[in-house]
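Below you'll find the structure, written out as structure tokens, and then a few comments.
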Amino acid sequence: MKDRIKRFFLAEQDIPRKWYNIQADMVNKPMPPLNPATHKPLVASDLYPVFAEELCRQELNQTDRWIDIPDEVREMYKYYRPTPLVRAYGLEKALGTPAHIYFKNESVSPMGSHKLNSAIPQAYYCKQEGVTNVTTETGAGQWGASLAYAASLFGLEAAVYQVKISYEQKPYRRSIMQTFGAQVTPSPSMSTRAGKDILTACPNHQGSLGTAISEAIELATTTPNCKYTLGSVLSHVTLHQTVIGLEAEKQMAMAGEYPDVVIACFGGGSNFGGLAFPFMRNNISGERHTRFVAAEPASCPKLTRGEFRYDFGDEAGYTPLLPMFTLGHNFRPANIHAGGLRYHGAGVIVSQLLKDKMMEAVDIEQLESFEAGTLFARAEGIIPAPESCHAIAAAVREALVCKETGQEKVILFNLSGHGLIDMAAYDKYFSGDLVNYSLSPDEIKANLSELPEVD
Ligand SMILES: *Cc1c(COP(=O)(O)O)cnc(C)c1O
């Protein structure tokens, strides 16, 4: 048998020294976030009360293509980066496809997902600016775990609001956060005004990322020396995640290939943008014609069935108004096990790129996602996170089209995390207890009706 390469490794010195800011290269820049009171475009200093100042500047930076990664952050990236790029020979064989399938394995991070790529710089900038406490929300607990760990690295106290349904579905992620010293509260809680209001109106509220964000922001703005951090959606988060795509670009070159299709699952857009944007810059320059596919859950379909509007990032309406594809900030996603994808909106960069047809989106039903995830686990030996199963399902669809047409396309997807702490979800899948959730057009319209149209 030919001695073929399965995993493509880079050396530590190949960890990127700069993040890629696609905003600098976009032909149509994202529309500005608006101050909800004045409807004036936001400036960085409007965000200073909530986020570390450097992160606010990164958020609105539309001019600098490359942003230096601080040495201290790169030092911590060395604990798990560069991550391997893997040729999915097992999956190709299981599908009988002529396609060449690759995946970037972000599940090897100590917390099991890509989230640490942004948790480390966010904690670092907070520390630099004299902050002592950080707050955040978490769904499945991937972000909360990453922030808890990053906070402990830089000597910060972390308080995490975890979406109640996930707090109950994924008890071990809570234990992980507590291992790193974080204080974890199920959300909605009675500890904030936002939480109290929601529980008074709806005592059985299962929580959502939108609700937990409101609680975390409220705590940050009412506690001295405390900043809020976010695990997705915002442009600075996606900026930090570009280490994924920048490494993958070098690794694809080692493999002597270039992707025809780049795929990632989609919650708010950070792992999608992180993998896709470095490749997309070659589309913007006209050198390449790669397709970029975001895979979202059919039960939370902001990209495929939402609308482009100015909307709040959270349920209570504390955030600026963001120009984004959304299902409405009051949208209550079904209790799917891909907790990290249960969010009503998409980041502003991705929203603009979708509007400009620089990328595509597909929606995946819960059962199709677990079917693909199980197939992948058996073929490649890695149990994927329920979120990542959506990317795998989209990659499987592409590979099966190649099987029909006989095309040897190169497919690259992001394995955003492993599912070893999500086995309760797999148990339910195996025992036939998981269902698909259908959404009627009326349900979608109802939540959007209050939002003004954007022209
Ligand atoms: C949070 C999470 C996601 C979704 O978030 P994005 O910002 O859209 O990447 C996807 N996969 C895993 C494993 C996650 O933890």
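Scanning segment 201-214 for residues that are touching a residue at least 24 places away in the same chain (Cβ under 8 Å) and part of a helix (DSSP H, G or I) yields 209, 210, 211, 212, 213, 214. If I filter segment 376-383 for residues that are under 20 Å from residue 336 (Cα atoms) and touching an Asp or Glu at 6+ places or on another chain (Cβ under 7 Å), do I get at least one hit? So far as segment 376-383 goes, no, none of its residues is under 20 Å from residue 336 (Cα atoms) and touching an Asp or Glu at 6+ places or on another chain (Cβ under 7 Å).
A single member of 332, 342 is closer than 26 Å to residue 213 by Cα, crowded, with 24+ Cβ neighbours inside 10 Å and among the charged types (D, E, K, R), and it is 342. Does residue 365 qualify as being under 17 Å from the mean Cα position of the chain (by Cα), of a type outside the set (S, T, N, Q) and on the phi < 0 side of the Ramachandran plot? No, not satisfied. State whether one or more residues within segment 169-182 are at pLDDT below 95, more than 16 Å from the ligand (Cβ to nearest atom) and surrounded by 24 or more Cβ atoms within 10 Å (Cβ to Cβ). So far as segment 169-182 goes, no, none of its residues is at pLDDT below 95, more than 16 Å from the ligand (Cβ to nearest atom) and surrounded by 24 or more Cβ atoms within 10 Å (Cβ to Cβ). Applying the criterion of being in contact with a Pro (Cβ under 8 Å, 6 or more places away or on another chain) and in a loop (DSSP other than H, G, I, E, B) to the residues of segment 417-455, the residue that is modelled with the highest pLDDT is 419. Restricting the first member to segment 141-152 and to residues that are in contact (Cβ under 8 Å) with a residue 40 or more places away in the chain, and the second to residues that are surrounded by 24 or more Cβ atoms within 10 Å (Cβ to Cβ) and of a type in the set (Asp, Glu), the beta-carbon pairs closer than 9 Å and six or more apart or on different chains are 142/387; 143/137; 144/137. Among the numbered conditions (1) polar (S, T, N, Q); (2) touching a strand residue (DSSP E or B) at 6+ places or on another chain (Cβ under 9 Å); (3) away from the ligand (no atom under 16 Å from the Cβ), the only one that residue 63 does not meet is (2). The residues of segment 241-266 that are within 12 Å of the ligand (Cβ to nearest atom), in contact with a strand residue (DSSP E or B) (Cβ under 8 Å, 6 or more places away or on another chain) and under 26 Å from residue 306 (Cα atoms), listed by number, are 264, 265, 266. Answer yes or no: is there a residue in segment 215-233 that is polar (S, T, N, Q), in a helix (DSSP H, G or I) and either within 16 Å of the ligand (Cβ to nearest atom) or buried (at least 24 other Cβ atoms within 10 Å of the Cβ) (or both). Scanning segment 215-233, I find no residue that is polar (S, T, N, Q), in a helix (DSSP H, G or I) and either within 16 Å of the ligand (Cβ to nearest atom) or buried (at least 24 other Cβ atoms within 10 Å of the Cβ) (or both), so the answer is no. Within segment 398-426, how many residues are surrounded by fewer than 18 Cβ atoms within 10 Å (Cβ to Cβ) and closer than 20 Å to residue 341 by Cα? So the answer is 3. Being of a type in the set (Gly, Ala, Ser), assigned to a helix (DSSP H, G or I) and closer than 12 Å to residue 144 by Cβ is the filter here, so list the residues in segment 166-200 that pass it. Residues satisfying the conditions are 166, 175. For segment 234-273, what are the residues that are in a helix (DSSP H, G or I), of a type in the set (Val, Ile, Thr) and over 24 Å from residue 161 (Cβ atoms)? Correct list: 242, 243, 244. From the list 52, 94, pick out the single residue that is crowded, with 19+ Cβ neighbours inside 10 Å and out of contact with any Gly (no Cβ under 8 Å at 6 or more places or on another chain). One residue alone meets the criteria, 52. Screening residue 39 on (1) surrounded by 13 or more Cβ atoms within 10 Å (Cβ to Cβ); (2) over 21 Å from the mean Cα position of the chain (by Cα) shows it passes everything except condition (1). Checked against the criterion of being among the polar types (S, T, N, Q) and farther than 30 Å from residue 259 by Cβ, segment 414-433 has at least one qualifying residue. Of all residue pairs spaced 6 or more apart or on separate chains, those with beta-carbon atoms under 7 Å, a first member in segment 281-293 that is in a loop (DSSP other than H, G, I, E, B) and a second member that is aromatic (Phe, Trp, Tyr) and crowded, with 18+ Cβ neighbours inside 10 Å are 290/279. Looking at segment 100-119, is at least one residue surrounded by fewer than 24 Cβ atoms within 10 Å (Cβ to Cβ), of a type in the set (Asp, Glu), at pLDDT 95 or above and in contact with a strand residue (DSSP E or B) (Cβ under 7 Å, 6 or more places away or on another chain)? No, segment 100-119 has no match at all.
The values are calculated or read from the model by the stated rules, or taken from the named source; none is laboratory data. In this text, all values refer to a predicted model and were calculated from it rather than measured experimentally. Neighbour counts are summed over all protein chains in view; Cβ atoms, including those assigned to glycine, are modelled from backbone coordinates with ideal geometry.
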